[in-house]
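Structure first, commentary second.
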Amino acid sequence: MTTYLEKQSFGLAGAEYIGGSGSSLTTSIGEYLAVTFVQDSVLSSSTQWADIQDNTSGAIFTDVIPAGMTIYGYFTRITLTSGSAICYRAVAS
């Protein structure tokens, strides 16, 4: 039997598509459990990811995240400096 958490992780509460390029930042604000990158993407340092408490090197915010990768965690703000992603909501809006 599928648990409620598993259903949420796969979009039960809905999803939001974000995309940006160059100097154009695209931000999604809310509560998210997973992010799937549709294109090669770079996260902005304004991304709020509760699972990363001390990111002094900032590498996650400069590395290219490849298309097709899904990152699971608790996000309250997802900002891309390039690429596009589908952000899966933790709760229905």
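The values are calculated or read from the model by the stated rules, or taken from the named source; none is laboratory data. All values reported here derive from a predicted model rather than from experimental measurement. These area figures cover heavy atoms from the full protein model, side chains too; ligands, DNA and RNA do not enter into them. Shrake-Rupley method; radii C 1.70, N 1.55, O 1.52, S 1.80 Å.
Of all the residues in region 20-39, those that are modelled with pLDDT of 70 or more and either open to solvent by 90 Å² or more (accessible area, probe 1.4 Å) or among the β-branched types (V, I, T) (or both) number 7. Candidates are the residues of region 1-19 that are hydroxyl-bearing (S, T, Y) and more than 11 Å from the chain's Cα centre (by Cα); the one that is modelled with the lowest pLDDT is S9.
When region 42-93 is filtered for residues that are of a type in the set (A, V, I, L, M, F, W, C), at pLDDT 70 or above, open to solvent by less than 60 Å² (accessible area, probe 1.4 Å) and part of a loop (DSSP other than H, G, I, E, B), the ones remaining, listed by number, are A67, A90.
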